[in-house]
Each structure stands twice: as structure tokens, then as C-alpha cells.
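Taking it in order: structure first as C-alpha cells, then the write-up.
All of the numbers you see were taken from the coordinates with simple rules; none came from a lab. This is a predicted model, so every value here is computed, not measured. A quick note on method: Cβ atoms are made from the backbone with ideal geometry, for glycine too, and the neighbour counts reach across all protein chains shown.
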Amino acid sequence: MKALKENDDAWYVSLAVQTVLQEQSVRVRLNRHEILNIAEEIQMETLRFKEAAETVKTPSGKVIPQMRFILAHLQDDHLASSYFEARTLGLDVEFVQMLRCEIIRRKIKDLVSEDLEH
């Protein structure tokens, strides 16, 4: 597995942007305040993906083996839709971070597929 480096920020930002925009996709028009809020959300999501990348580099052992098995066998599209659904439902922060870790581990570049679009 390729070690993630500081210069992979573009990847994290891409994942963060896809995440925030997918959740905001029902909106067509944005005012300045909304744009600033989205930018802040993107910054926070970028930090979460970077944290997930660090976890992948140095596994913490928090993930139980059964969950690793389940995550490893999910198709990429199902993993992405599970990630978006978990965020939408406000599920446990550690669970959402496990999904992010699996996205990073697989080096998924496109979270949004035609299947996920509204």
C-alpha cells in the first residue's frame, strides 16, 4: 500500500468537496453566507479525512475484526452510500470515521456515482 504523504491534500479535499456537495446537492442557489458555511464544512471534512488517513497508516485496533470483514466486502458504491447515509443519520462519529478509513484504505477517488445522485 502506498504511504500517504502531505502532498495528498488534493485527494482529501476532493473527497471532502464531494461529501459536502453531495449532501447539499438539492440546493441550486447559494448566497454568500451559505457558501462560507460550505467552505467551513469542507475544511472540517478535509481534516476528518486526513485523520482517517493517519488511522489507516497506524491502525488503532478500535475496529473489531467482524467490522473489518464487512467493510472489506462492501462494493465501493455501497461503501460510499453507507458513508453518506451514516452522516445524514448522525450515526456514531467513530462509525463514520471507520467508513472514512475504509475509503482511504481503498484509495477511492470518486465517492459520488450515478447510483448516488438524486
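Summary table
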{"item": "Burial ranking of peptide ranges 88-97, 41-50, 71-80 (average Cβ count within 10 Å, highest at the top)", "result": "41-50, 71-80, 88-97"}
{"item": "Computed label-point distance, nm, for sites Met67 and Gln24 using a 7 Å Cα→Cβ extension", "result": "2.9"}
